[in-house]
DNA sequence: CTGATTTACATGGTGAAACACCTATTTCCT
DNA sequence: AGGAAATAGGTGTTTCACCATGTAAATCAG
């Protein structure tokens with residue numbers, strides 16, 4: 001369904017604006033599907049699951065909060081409190097970091113690993129269904145275009161910051 | 001910059017997962033740029049601006065709350081309260097709807113129109129910069145692929161709802 | 001025409017997000 | 001080594017989003 005139809009926009013759209021809208025809108029679908037199919041059933045938020053995945057992917061020493069943050073999709077995430085909530089559920093734990101006592105190392109627990117494992121298969125199944133609508137070349141192109149857009153947006157953001 | 005580099009992911013990514021990640025991540029950049037360059041300076045949220053644009057694009061009779069909602073990018077938006085805040089700032093107003101007295105018509109005010117107009121040029125400038133990184137054919141392809149993805153995700157969501 | 005259902009919206013309460021601020025520790029500079 | 005600056009992350013507060021509930025009006029069924 002075209003964006004204009006979906007959002008009931010009658011006026012013609014500026015081309016760049018259409019791309020931006022398409023990205024925002026498509027992301028809503030992705031996020032919503034993963035929410036409903038994956039996160040809500042386990043009473044996790046997407047960000048909480050993201051933390052679990054990051055910890056699972058890391059070494060067994062765990063990560064500092066800052067190391068988690070820079071791996072998050074959303075860069076302004078309130079990681080300390082995300083970790084608090086996961087810790088309250090026994091999915092992660094904090095332990096002292098002798099090397100730098102300003103921060104503690106966050107590690108995923110056995111219970112956390114089990115939860116992640118339980119969700120992993122469905123996560124992959126959801127992801128793979130994307131492949132049905134895109135050929136290999138298309139996917140490569142799509143990724144390349146998104147990457148170019150990100151690089152451009154990043155440049156603009158840095159220009160703004162000055 | 002590649003996703004794996006950006007998020008410091010060492011393991012190889014499932015292709016479908018990479019697409020999903022790319023969408024989520026690229027959207028963050030878009031949202032952040034628009035936030036910083038456009039919305040924050042006017043102390044508006046993206047959703048509030050979205051409402052203003054919708055109302056400006058509509059007829060001068062304004063829209064019912066439900067008509068606004070179905071045009072929002074984020075479909076679960078708390079439109080009544082969004083309108084409340086805009087109304088408190090004098091950017092929109094509600095007036096009675098004789099045809100169906102369950103809801104009121106929300107209209108953009110002169111002040112709201114002025115604000116939207118003030119933001120419009122910068123909005124277009126931001127949007128047009130997207131065009132610098134994509135050729136016309138690429139843009140068309142990108143929009144088509146995103147549309148296919150949305151259609152697929154929508155199908156999956158509907159299947160879930162049953 | 002009357003009662004039941006649906007629709008449209010508002011609102012109340014809860015939990016999380018966003019902002020800044022604060023403290024402890026480390027690093028850098030001289 | 002000693003003090004300034006930077007870094008890490010915890011916390012307080014306000015705002016907002018989200019869920020469920022409530023209410024009024026329209027629609028439908030008989």
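Just so you know, all these numbers are worked out from the coordinates, no wet-lab data involved. This is a predicted model, so every value here is computed, not measured. Cβ sites come from the backbone with ideal geometry, for glycine too, and all protein chains shown count toward neighbours.
Against chain B, whose longest principal axis is taken from its Cα atoms, helix B:110-133 shows a tilt of about 20°. Label separation (residue A:60 vs residue B:43): 5.5 nm, computed from points 7 Å beyond Cα along the C-beta direction. Shown for residue B:95: label points 7 Å from Cα along the beta-carbon vector, and their distances to the equivalent points in the other copies, 6.8 nm in ascending order. Per-residue shielding of B:58-65, expressed as the average number of other chain Cβ atoms within 10 Å of the residue Cβ, stands at 0. Position residue A:141: other-copy label points at 0.3 nm, ordered by increasing distance, label point 7 Å along Cα→C-beta.
Computed over chain A, relative contact order equals 17 percent, with contacts defined as Cα pairs under 8 Å that lie 6+ residues apart. Starting from the Cα of residue B:8, step 7 Å toward the Cβ, then list every residue of segment A:64-102 with an amide N under 11 Å from that point. So the set is A:64-72.
Return one number: the angle in degrees, 0 to 90 and rounded to the nearest 10, between the long axis of the Cα atoms of helix B:136-161 and the longest principal axis of the Cα atoms of chain B. Relative to chain B, helix B:136-161 is tipped by roughly 80 degrees.
Taking a ≥ b ≥ c as the square roots of the eigenvalues of the Cα gyration tensor of the protein assembly as shown, is the shape rounded (a/c under 1.5), prolate (a/b larger than b/c) or oblate? Prolate shape, in that a/c is at least 1.5 and a/b is the bigger ratio. Starting from the label point of residue B:78 at 7 Å along Cα→Cβ, the same points in the other copies fall at 1.4 nm, in ascending order. For segment A:89-162, the square roots of the Cα gyration tensor eigenvalues, ordered a ≥ b ≥ c, give a/c of at least 1.5 with a/b no greater than b/c, which places it in the oblate category. Between residue A:121 and residue A:78, the contour length at 0.36 nm per residue exceeds the Cα-Cα span by 12.7 nm. Over chain A, dividing the summed -39,500 (n - 2.57) contributions of all DSSP H runs of at least 4 residues by the number of residues returns a 222 nm mean residue ellipticity of -20000 deg cm²/dmol. Apply the a/c threshold of 1.5 to the C-alpha gyration tensor of segment A:15-161 and tell me whether it is rounded, prolate or oblate. Judged from the Cα gyration tensor, segment A:15-161 comes out oblate (a/c at least 1.5, b/c at or above a/b). For the segment B:68-74, counting C-beta atoms of other chains within 10 Å of every residue's C-beta and taking the mean gives 3. As I understand it, the value is the acute angle between the Cα axis of helix B:15-34 and the longest principal axis of the Cα atoms of chain B; what does it come to in degrees, rounded to 10? The answer is roughly 40 degrees.
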